[in-house]
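Written below as structure tokens is the structure these notes are about.
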Amino acid sequence: MLKILKIFFIAFLLLTLSGCSVISGLFGGGNTNLDIPDIHKGTEGLKMSFEKNQPLSSYKVTDAGTPITITVNLENKGTSVLAEDTTIVVNADKSYIALDNDRSNVVLQGITERYSKGESAKLTFTGMIQPLRLSEDTTIVSVNACYRYSIEGHYSVCIDTDPSNIKTQKKACSSADNNKLGSLGGQGGPVGANKIEVVLNPRLNTLKPQFMVYVKNFGSGRAFDAFASPATLCSSGLTDSSALNIVYVTAKLADKEFKCSPNPIVINPEDENFVICSNDGFSVSTDTASYSSSLIVYMVYDYFDSISQEISLKKVKTTN
Amino acid sequence: MKKLILILVLIVLLYGCTNNNNRDTIENFRTGTGGLSVSFIPNHPPAKVYVRNGEVNEVSIGINLKNLGAADITGGALVLSGYDPGILAIPSYRVFTASDDLVGKSAFNPQGGFNSFDFNGAVNLPAMGDRYSPNILATACYDYSTFTELSVCIDPDPYLTKPRACTPSNIASSGQGAPIGVSKVNVEPTKGRTIFQIFFKNFGNGDVFSSAYGSARCLPNGGGIDERQELDIIIVRKVKLGNQDITANCKGMGWGSVRLNNGENFIYCTYDTQGTDSYQTVLSVEMGYSYRITTSRSLEIVKLP
């Protein structure tokens, strides 16, 4: 009898628990949420660093010269893929260091929803430190990276067809919601939009949306015209000032292409730089209820970045 | 054990007694402030919808309509807004008619008419970013009417000192089975004439507008509602005292309409009395209008990598 009562009690307990949201969630009855990260953020592109002790901070240089190994850690921390023409060049004063090979190409995947870290690689360059004339000296080894990068910024924008709040009809969203675009922190690359202003120009019974996209170089490097190849950029492009600070910008509002002007834009690091994106054939009737739409801003540029390290050199005599 | 059985029997008996008390009550359905209730069907769609490239990503938005008032709904429109049609390709409206069974509460249908509508469509993936989070609004515009019956006392000669069947007094009401109704009637008896100050009120959360153009004005292609012309207007179709139509004796209506100010306004109606004996009668007011009610819910569409 006691056994039967126990079984009944356990059955009752299970039935009660199965009604709970915790249990029903486990069995698929509750609300489930997939964790899909927003990758279009951040201000980093290709991150470079020297491998520890490669090069060393100081070398003892013999009369026959001393071997040197320079290893560069590369990590693509942005969203763009680094293609085959991504060029890494080691610069060293040839009178001090003779490198066997001073450049290399690398392909690295960017961060994606599945790979939150992006791809990384190590590049090793070897060479010989030339015999010194002085007993002590210093030199600088620098590594330049030249790569093409593109970013996509995804934003929710409100097309407020009654910005003056004349109508009494409830609105799904309002112009004030667009204020959140007033401060943006990068879209997964060193150059991106730092601010977007949504302008709804009133016409007769219609509104013409325009977007002022402020472009900023968040990184420590320099942007260059994307139509100059990264390989050329790392060789001689730095001398071509006409290609400096040039970024191409395009935009799309839902399924409508928006042209941005000027395109490309020359970004002055000391100033606010913006493009105005508009679509001549697109307007919204003021009879339409206000709605949320999706704005995507694309930017393409070449980027030049550099790291360097000073090396102390000390002459030593070799004993035979 | 006997005690337990006794208690159970008592509970059952008591339960039966309380239910019996209500069983034969004839409910007055012309109470409350309900009209058409609009609500999103829970989990239809879920709060988060996942979409994927290369697939047909269908979305269905379900709306429940329930007539919580006492009048039948014979025409109206249900409009969805708040989303970009370039991203969410779903129909933006649906017209409903008498055949959609949105009848008012009555003895035959104490719950009121109920219907559900699905708005089916698809997500245009290339047009959206990684996420799209619109706030969807469901707006219903419908023609409605309110029929008010209030018991009032008529005293043809209030200055006479003699016993009375009733004494005129002001009446307050909290709704007559519709979002628009009479909130108060001030009764002022004078010799040979009784003056009624009838207050109208928007009891609901929605907007009232003239029914002259029909609720189809809510439709996207209807050009919206010309709010300066039509908003806050109710048509007072008839004011009766007993069987006598006193609409013509009412002031404060332009072409039979009253414009509410901050959701309220009033008219004056007069009734010429005869004799000297006071009596109880029914003041009935019939109103017609279109009503707009909006509800919203957020939706998040997430693109799967």
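Kindly provide the set of residues from the stretch B:250-294 that are among the aliphatic types (A, V, I, L, M) and closer than 19 Å to B:ARG164 by Cβ, ordered by number. Those that are among the aliphatic types (A, V, I, L, M) and closer than 19 Å to B:ARG164 by Cβ: B:VAL282, B:LEU283. Among the residues making up the stretch B:71-88, a single one is over 28 Å from A:THR161 (Cα atoms), of a type in the set (Val, Ile, Thr) and open to solvent by 10 Å² or more (accessible area, probe 1.4 Å): B:THR74.
On the stretch given as the stretch B:138-152, residues that are of a type in the set (A, V, I, L, M, F, W, C) and open to solvent by 10 Å² or more (accessible area, probe 1.4 Å) total 2. Total residues in the stretch A:166-194 satisfying the condition of being away from every other protein chain (no Cβ under 12 Å) and touching a Cys at 6+ places or on another chain (Cβ under 6 Å): the figure is 1. Restricting attention to the stretch A:42-53 and to residues that are surrounded by 17 or more Cβ atoms within 10 Å (Cβ to Cβ) and of a type outside the set (A, V, I, L, M, F, W, C), the residue that is nearest to the other protein chains (Cβ to nearest Cβ) turns out to be A:GLY42.
The lone criterion from (1) part of a strand (DSSP E or B); (2) within 14 Å of another protein chain (Cβ to nearest Cβ); (3) of a type outside the set (Gly, Ala, Ser) left unmet by A:GLU197 is number (2). You will find that of B:ILE180, B:ILE198, the residue that is of a type in the set (A, V, I, L, M, F, W, C), more than 17 Å from B:TYR279 (Cα to Cα) and under 12 Å from the mean Cα position of the chain (by Cα) is B:ILE180 and no other.
Look through the stretch A:137-153, keep the residues that are within 14 Å of chain B (Cβ to nearest Cβ) and open to solvent by less than 50 Å² (accessible area, probe 1.4 Å), and return whichever of them is nearest to A:GLY45 (Cα to Cα).
A:ILE151
Annotation: of all residues in the stretch B:58-70 being among the small types (Gly, Ala, Ser) and open to solvent by 10 Å² or more (accessible area, probe 1.4 Å), the one that is nearest to the other protein chains (Cβ to nearest Cβ) is B:SER60.
Residues of the stretch A:307-320 that are at pLDDT 95 or above and of a type in the set (Ser, Thr, Tyr): A:SER308, A:SER312. Counting only residues that are among the hydrophobic types (A, V, I, L, M, F, W, C), surrounded by 14 or more Cβ atoms within 10 Å (Cβ to Cβ) and under 30 Å from B:LYS303 (Cβ atoms), the stretch A:94-125 holds 4 of them.
A:ASP160 meets all of the listed conditions (1) touching a helix residue (DSSP H, G or I) at 6+ places or on another chain (Cβ under 8 Å); (2) over 26 Å from B:TYR132 (Cα atoms) but one, namely (2).
For the stretch B:223-268, what are the residues that are β-branched (Val, Ile, Thr), without any contact (Cβ under 8 Å) to a residue 60 or more places away in the chain and closer than 25 Å to B:ALA77 by Cα?
B:ILE233, B:ILE234, B:ILE235, B:VAL236, B:VAL258
Among the residues of this structure, A:LYS60 does not count as one that is basic (Lys, Arg) and free of Cβ contacts under 8 Å to residues at least 60 places away in the same chain. Can you confirm whether the stretch B:128-142 contains a residue that is away from chain A (no Cβ under 14 Å) and not in a loop (DSSP other than H, G, I, E, B)? There is at least one residue in the stretch B:128-142 that is away from chain A (no Cβ under 14 Å) and not in a loop (DSSP other than H, G, I, E, B).
Listed conditions (1) without any contact (Cβ under 8 Å) to a residue 12 or more places away in the chain; (2) crowded, with 16+ Cβ neighbours inside 10 Å are all met by B:TYR271, apart from (1). Residues in the stretch B:155-192 that are of a type in the set (A, V, I, L, M) and either over 25 Å from B:PHE203 (Cβ atoms) or open to solvent by 70 Å² or more (accessible area, probe 1.4 Å) (or both): 3 in all. Of everything in the stretch B:165-194, what is part of a loop (DSSP other than H, G, I, E, B) and of a type in the set (Val, Ile, Thr)? Give them in sequence order. Within the stretch B:165-194, just B:THR167 meets the criteria.
Here the strands (runs of 3 or more DSSP E) wholly within the stretch B:221-305 that include at least 3 residues being more than 30 Å from B:ALA47 (Cβ to Cβ) are B:233-241, B:257-259, B:264-272, B:279-298.
Of the listed requirements (1) within 14 Å of another protein chain (Cβ to nearest Cβ); (2) more than 22 Å from the chain's Cα centre (by Cα); (3) in contact (Cβ under 8 Å) with a residue 40 or more places away in the chain, A:ILE311 misses just one: (1).
Considering only the stretch A:176-188, I want to know if a residue exists there that is modelled with pLDDT of 95 or more, polar (S, T, N, Q) and in a strand (DSSP E or B). No, because not a single residue in the stretch A:176-188 is modelled with pLDDT of 95 or more, polar (S, T, N, Q) and in a strand (DSSP E or B).
When A:LEU134 is tested against (1) open to solvent by 60 Å² or more (accessible area, probe 1.4 Å); (2) modelled with pLDDT of 95 or more; (3) aliphatic (A, V, I, L, M), just one condition goes unmet, and that condition is (2). Among the conditions (1) within 17 Å of the chain's Cα centre (by Cα); (2) part of a strand (DSSP E or B), B:LEU102 misses just one, which is (2). Condition (residue is more than 14 Å from chain B (Cβ to nearest Cβ), not in a loop (DSSP other than H, G, I, E, B) and not basic (Lys, Arg)) applied to the stretch A:109-119: is it met by at least one residue? Looking for residues that are more than 14 Å from chain B (Cβ to nearest Cβ), not in a loop (DSSP other than H, G, I, E, B) and not basic (Lys, Arg), one finds none in the stretch A:109-119, hence no.
A count restricted to the stretch B:232-274 and to residues that are among the aromatic types (Phe, Trp, Tyr) and on the phi > 0 side of the Ramachandran plot stands at 1.
The values are calculated or read from the model by the stated rules, or taken from the named source; none is laboratory data. For clarity, every value in this text was computed on a predicted model and none was experimentally measured. Cβ coordinates were reconstructed from backbone atoms using ideal geometry, including for glycine residues, and neighbour counts include every protein chain displayed. Please note that ligands, DNA and RNA were not included when accessible areas were found on the heavy atoms of the full protein model with its side chains. Shrake-Rupley method; radii C 1.70, N 1.55, O 1.52, S 1.80 Å.
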